[in-house]
Amino acid sequence: QVQLVESGGGLVQAGGSLRLSCAASGRTASSYVMVWFRQAPGKEREFVAAIRWSGGSTYYADSVKGRFTISRDNAKNTEYLQMNSLKPEDTAVYYCAADPSLWVTDNRAWRIWGQGTQVTVSS
């Protein structure tokens with residue numbers, strides 16, 4: 001079973017940057033599709049970005065396109081989310097998730113989750 005641990009969250013001013021990491025354990029983790037979701041208080045968990053195991057295919061929510069970049073290092077079994085030009089509306093708990101083959105944005109379809117990392121953007 002793959003396990004995920006996020007890190008890199010924190011407090012940043014609007015316009016700043018953060019890089020989140022998601023470390024995966026398990027010998028097959030490098031072959032999984034990996035994604036980022038986020039959940040703001042009182043809101044549903046929403047899709048942010050996804051990347052296939054090869055790193056060649058990525059997909060972003062319109063709200064973060066052009067500002068966020070998803071990447072992965074399969075040798076380290078780690079996924080990253082580089083977040084630039086952060087806005088107060090990006091404030092949320094960010095979660096990574098993984099699956100052998102899913103390529104959907106519905107959070108209910110994903111079964112393997114990390115514990116989340118808080119990102120707070122001040123205005």
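The values are calculated or read from the model by the stated rules, or taken from the named source; none is laboratory data. Quick caveat, the model's predicted, so the values are computed rather than measured. Cβ placement follows ideal geometry from the backbone for every residue including glycine, while neighbour counts extend to all protein chains displayed. Protein only, heavy atoms only, side chains kept; ligands, DNA and RNA dropped before computing areas. Shrake-Rupley method; radii C 1.70, N 1.55, O 1.52, S 1.80 Å.
Let me know the charge dipole size of the chain about its Cα centre in debye, to the nearest 20, where only the beta-carbon of Lys, Arg (+1) and Asp, Glu (-1) is charged. Don't jump to the answer; show the numbers that get you there.
Details: 13 positive and 10 negative charges, 33 e Å.
Result for the chain is approximately 160 debye, rounded to the nearest 20.
Can you list the aspartates and glutamates whose alpha carbon is less than 19 Å from that of Lys87, not counting same-chain residues fewer than 8 positions off?
Glu44, Glu46, Asp62
As a test of reading the structure, rank Asp106, Asp62, Asp99 by solvent-accessible area (1.4 Å probe, protein chains only), most first.
I get Asp62, Asp106, Asp99, largest accessible area first.
Using a 1.4 Å probe, how large is the accessible area of Ser63, given in Å² and rounded to the nearest 10?
Roll a 1.4 Å probe over it and Ser63 shows about 60 Å².
Quick one, what does Rg over Rh come out to for segment 14-123 if you take C-alpha atoms and the Kirkwood Rh?
0.94
Is any residue of segment 68-94 close enough, with backbone N under 17 Å, to a label point placed 7 angstrom from the Cα of Ala23 along the Cα-Cβ axis, and if so, which?
Only 72-81 fall inside the zone, counting backbone N under 17 Å.
Any idea of Thr120's accessible area? Nearest 10 Å², probe 1.4 Å.
The accessible area of Thr120 comes to roughly 50 Å².
Per residue of segment 104-115, in order, report the coupling 6.51 cos²θ - 1.76 cosθ + 1.60 (Karplus, θ = phi - 60°) as ³J(HN,Hα) in whole Hz, putting x for Gly and Pro.
Result, ordered by residue: 10, 9, 7, 5, 5, 7, 8, 10, 9, 10, x, 7 Hz.
Restricting to Cα pairs below 8 Å that are 6+ residues apart, what does the relative contact order work out to for segment 16-123? Please round to a whole percent.
RCO, segment 16-123: 32 percent.
Going by amide H atoms built from the backbone, whose H comes under 5 Å of the H on Leu86, apart from near neighbours?
Residues meeting the amide H criterion: Gly15, Gly16.
For Ser63 and Gln115 in one chain, what is 0.36 nm times their gap in residues minus the Cα-Cα distance, to one decimal in nm?
Using 0.36 nm per residue and subtracting the Cα-Cα distance, I get 16.4 nm.
Gaussian network model of the chain, Cα springs within a sub-10 Å range: biggest mean-square fluctuation belongs to which of Val33, Val48, Val104?
Val104
For segment 1-62, count all C-alpha to C-alpha pairs, find those more than 14 Å apart, and express that count as a whole percent of the total.
The calculated P(r) of segment 1-62 puts 68 percent of pairs beyond 14 Å.
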